[in-house]
Amino acid sequence: MTVLEAIQRSTEFLAKKGVDSPRLQTELLLAHLLKLPRMRLYLNFERALEPAEVDAFRELIRRRGQREPLQYIVGTTSFCGLEIAVNPHVLIPRPETELLAERGWQFLNQLSAPNGSASASGCGATAPKGSEGGQPATALDVGTGSGCLAIALAIKCLGAQVHAVELSAEALEFARQNAERHAVAERIQFLQGDWFAALPAGSSFDLILSNPPYIATPELETLQPEVRQHEPRRALDGGADGLEYVRRLAAEAGRFLKPGGRLMLEFGDGQAEAMRGLFQREKWIVEAVQPDYTQRPRIGVMKREQ
């Protein structure tokens, strides 16, 4: 079987299984197997695959045909230009969460910029200074999962002190491994526990970030099989209305935020007004609501009333 024949046959198979973009998915899996950039496949259409390669590729395609996410099959995904390892213990980072990370590191950069202006490229090599006494800026990632948000902050803001909390021991260990992969494990304090209950007494932060579960429980069964059957339910299920963890953030996060600090979170489609109301009732100021790449409201930026 040649490379081209393998692509054509597998594309037909995945299409029959209802997989989106079956040709692209096939090419990505074959490129992963052959350890080639995907576009190099086009220069190798006539290459004959070894029997062992055919068997291994059939297994990858079988798994994808069962709607196992591509990212879990290959073991990694891209987040803010970083290769983040993923497995079924952690949610697969989405592109919209990159906007949350960027907004976070821009804010930390503002703390150190002489003119208060943010930089889209991050904090650079200088240590960002926090809002109290010239101390390094501090950030907390609530429900870190794969660690992608905490790692992005640590890489973009070299002087910041980053903390990451996670209830799942398996996910937290995976986040540590991702931090080691990117050589920032020593700059992130990982804590296991139920969100703010895991923090040492007296903890406070310039920035609190969270991508909490925000899918309403009744909606979980309507999700794509890749999500419904394979991603961790605890990272998706936001309770009856999808706002259970947004409520917790609104009620609990204020005690851990430094004066002048910000809370930033991702929320679901159609939740913007409800999110705004929840925070306003807890005496927060909703400073901004940022759209995602499809122009749906997605990122909330809050500060405490003075």
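The values are calculated or read from the model by the stated rules, or taken from the named source; none is laboratory data. Just so you know, these numbers come straight off a predicted model, no measurement behind them. Quick reminder, even Gly has a Cβ in these numbers, built from the backbone with ideal geometry, and neighbours come from all protein chains shown.
Miscellaneous remarks
- Count - residues of region 271-298 that are in contact (Cβ under 8 Å) with a residue 60 or more places away in the chain and outside any loop (DSSP other than H, G, I, E, B): 2
- Qualifying residues in region 1-54 (those that are among the acidic types (Asp, Glu) and in a loop (DSSP other than H, G, I, E, B)) - the one farthest from residue 75 (Cα to Cα): 46
- Residue 122 satisfies every condition listed in (1) modelled with pLDDT of 95 or more; (2) surrounded by 18 or more Cβ atoms within 10 Å (Cβ to Cβ); (3) part of a loop (DSSP other than H, G, I, E, B); (4) not hydroxyl-bearing (Ser, Thr, Tyr) except (1).
- The set of residues in region 199-236 that are buried (at least 18 other Cβ atoms within 10 Å of the Cβ) and among the hydrophobic types (A, V, I, L, M, F, W, C) comprises 199, 205, 207, 208, 209, 215, 216, 235, 236.
- Residue among 239, 254, 268 that alone is without any contact (Cβ under 8 Å) to a residue 40 or more places away in the chain and either assigned by TED's automatic domain parsing to the domain that holds residue 292 or loosely packed, with under 15 Cβ neighbours inside 10 Å (or both): 239
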